[in-house]
Amino acid sequence: MKLLVTGGAGFIGSAVVRLAVARGHDVVNLDALTYAACLGNVASVAQSPLYAFEHADIRDRAALDGIFAAHQPDAVMHLAAESHVDRSIDGPGDFVSTNISGTYQVLEASRAYWQGRGRPQDFRFHHISTDEVFGALGPVGQFTETTPYDPRSPYAASKAASDHLVRAWYHTYGLPVVLSNCSNNYGPYHFPEKLIPVIILNAIAGKALPIYGDGSNVRDWLYVEDHAEALLLVLGRGAVGRSYNIGGENERSNLELVQSLCAILDELRPKAQGSYADQITFVPDRPGHDARYAIDATRIRAELGWRPSVTLEEGLRRTVAWYLAHEAWWRPLLARDGVGQRLGVGA
């Protein structure tokens, strides 16, 4: 297939691009190269004859139409989004503009292209979303594909709105769509404003390791390369109009996660004295911080035969080792706007 991947220079998008090229797909990477994007994420495939890059904003309909006309993709994988919850608290407008208005423009460009080709039934529009659209869980239970939406942050609300738009374009216009909602991703090329890279890089720099509140908030962690495998599977074999929850089957509290990272760092790059865990510092919680997310991935396992291949322990070890070996990738990113600062503290 020829895939048009929006946001392919981002964290999850670049993992999809690398895997799709490795599998022999032609890939067009459409990215606006905003602050969290990095073309270094796709440097390993940039010289492949299967890869093309288009520098464009998903809110620019004329640019989208030109890209569709030039490349004639068989499918769209829509990953471009503002994604950092803390930034959404400080500046929700960017999230509304990109995640809602941008998704609308990509849908409309896709629909016009699809209709212009005679509405081929093998065309696919795959919308990639988050489990945060479902709100928060208590100590028990999991999100299923039929869990009512209850977003709590501006980021989650903007992604919920984009999900609803995609379903509406399927029901109203017949656009062949599939959707997926994932749990927290981690792994190589994770932009250094998210929890796991923040902890790794602060630890080796001798800085405090900030944990929001008391560290009891629980997330389900999904290794990004496992997620990329699942996304290509949903694109190729998922039922039209259907959504699939993609989870890592790895629930941990934030405190447990940070303690695990410290233990791995103690082994791979030991300090002269003491443990990296000595640097753990509890800071005021994020406003509206959801207590727990957990994914029920029964549908994708039963219908498509997928389940994660990487345990959290192995994934964290791979991730720490990758950051220790790739300072040339992450060091320049520390100078980008807002990186290293506490964001999202509210009014």
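The values are calculated or read from the model by the stated rules, or taken from the named source; none is laboratory data. Values in this document were obtained by computation on a predicted structure and should not be read as measured data. So basically every Cβ, Gly included, is an ideal-geometry build from the backbone, and we count neighbours across all protein chains shown.
Among the helices (runs of 4 or more DSSP H) contained in segment 295-347, which hold 2 or more residues that are of a type in the set (D, E, K, R) and on the phi < 0 side of the Ramachandran plot?
On the way: elements: 298-304, 312-325, 327-330.
In segment 295-347, 298-304, 312-325 are the helices (runs of 4 or more DSSP H) which contain 2 or more residues that are of a type in the set (D, E, K, R) and on the phi < 0 side of the Ramachandran plot.
Of the residues making up segment 104-158, those that are surrounded by fewer than 19 Cβ atoms within 10 Å (Cβ to Cβ), polar (S, T, N, Q) and either at pLDDT below 95 or farther than 24 Å from Asp57 by Cα (or both) are Gln121, Thr144, Thr146, Thr147. Identify the residue in segment 35-52 that is surrounded by fewer than 18 Cβ atoms within 10 Å (Cβ to Cβ) and in contact (Cβ under 8 Å) with a residue 40 or more places away in the chain and, among all such residues, is farthest from the chain's Cα centre (by Cα). Step by step, filter segment 35-52, then rank; the result is Gly40. Taking the criterion of being surrounded by fewer than 19 Cβ atoms within 10 Å (Cβ to Cβ) and either of a type in the set (Asp, Glu) or touching a Cys at 6+ places or on another chain (Cβ under 8 Å) (or both), the only residue of segment 201-224 that qualifies is Asp214. Count of segment 1-35 residues, restricted to those that are in a strand (DSSP E or B) and in contact with a His (Cβ under 6 Å, 6 or more places away or on another chain), is 3. Within the bounds of segment 69-82, is there any residue that is surrounded by fewer than 23 Cβ atoms within 10 Å (Cβ to Cβ), in contact with a helix residue (DSSP H, G or I) (Cβ under 9 Å, 6 or more places away or on another chain), part of a helix (DSSP H, G or I) and at pLDDT 95 or above? Looking through segment 69-82, at least one residue is surrounded by fewer than 23 Cβ atoms within 10 Å (Cβ to Cβ), in contact with a helix residue (DSSP H, G or I) (Cβ under 9 Å, 6 or more places away or on another chain), part of a helix (DSSP H, G or I) and at pLDDT 95 or above.
Annotation note: Cβ proximity below 6 Å between a residue of segment 266-295 that is within 25 Å of Arg318 (Cα to Cα) and a residue that is surrounded by 12 or more Cβ atoms within 10 Å (Cβ to Cβ) and among the small types (Gly, Ala, Ser) (sequence gap 6+ or interchain) occurs for Asp266/Ser275; Tyr276/Ala203; Gln279/Ala208; Thr281/Ala208; Ile295/Ser183; Ile295/Gly247.
Mind telling me which of the residues Val16, Val96, Val27 ends up being in contact (Cβ under 8 Å) with a residue 40 or more places away in the chain and either of a type in the set (D, E, K, R) or in contact with a Gly (Cβ under 9 Å, 6 or more places away or on another chain) (or both)? Outline the logic, then answer.
Working: Val96 fails: either of a type in the set (D, E, K, R) or in contact with a Gly (Cβ under 9 Å, 6 or more places away or on another chain) (or both); Val27 fails: in contact (Cβ under 8 Å) with a residue 40 or more places away in the chain.
When all the criteria are applied, what remains is Val16.
Would you be able to say whether some residue in segment 162-184 is under 21 Å from the mean Cα position of the chain (by Cα), surrounded by fewer than 19 Cβ atoms within 10 Å (Cβ to Cβ) and either of a type in the set (Ser, Thr, Tyr) or at positive phi (or both)? The answer is no; no qualifying residue exists. Just one of (1) buried (at least 20 other Cβ atoms within 10 Å of the Cβ); (2) within 20 Å of Gly288 (Cα to Cα); (3) small (Gly, Ala, Ser) fails for Gly238. It is (2).
Applying the condition of being of a type outside the set (A, V, I, L, M, F, W, C) and surrounded by 15 or more Cβ atoms within 10 Å (Cβ to Cβ) to segment 286-295 and asking which residue is modelled with the lowest pLDDT yields Arg286. Val166 - would you say it is within 27 Å of Ser110 (Cβ to Cβ) and of a type in the set (Val, Ile, Thr)? Yes, satisfied. If the condition is being part of a helix (DSSP H, G or I) and over 18 Å from the mean Cα position of the chain (by Cα), then segment 107-148 contributes Leu107, Glu108, Ala109, Ser110, Arg111, Ala112, Tyr113, Trp114, Gln115, Gly116. Ile264 fulfils the conditions (1) in contact with a Lys or Arg (Cβ under 6 Å, 6 or more places away or on another chain); (2) assigned to a loop (DSSP other than H, G, I, E, B) except for a single criterion, (2). Return yes or no: is Thr281 of a type in the set (Ser, Thr, Tyr), surrounded by 14 or more Cβ atoms within 10 Å (Cβ to Cβ) and not in a loop (DSSP other than H, G, I, E, B)? No, not satisfied.
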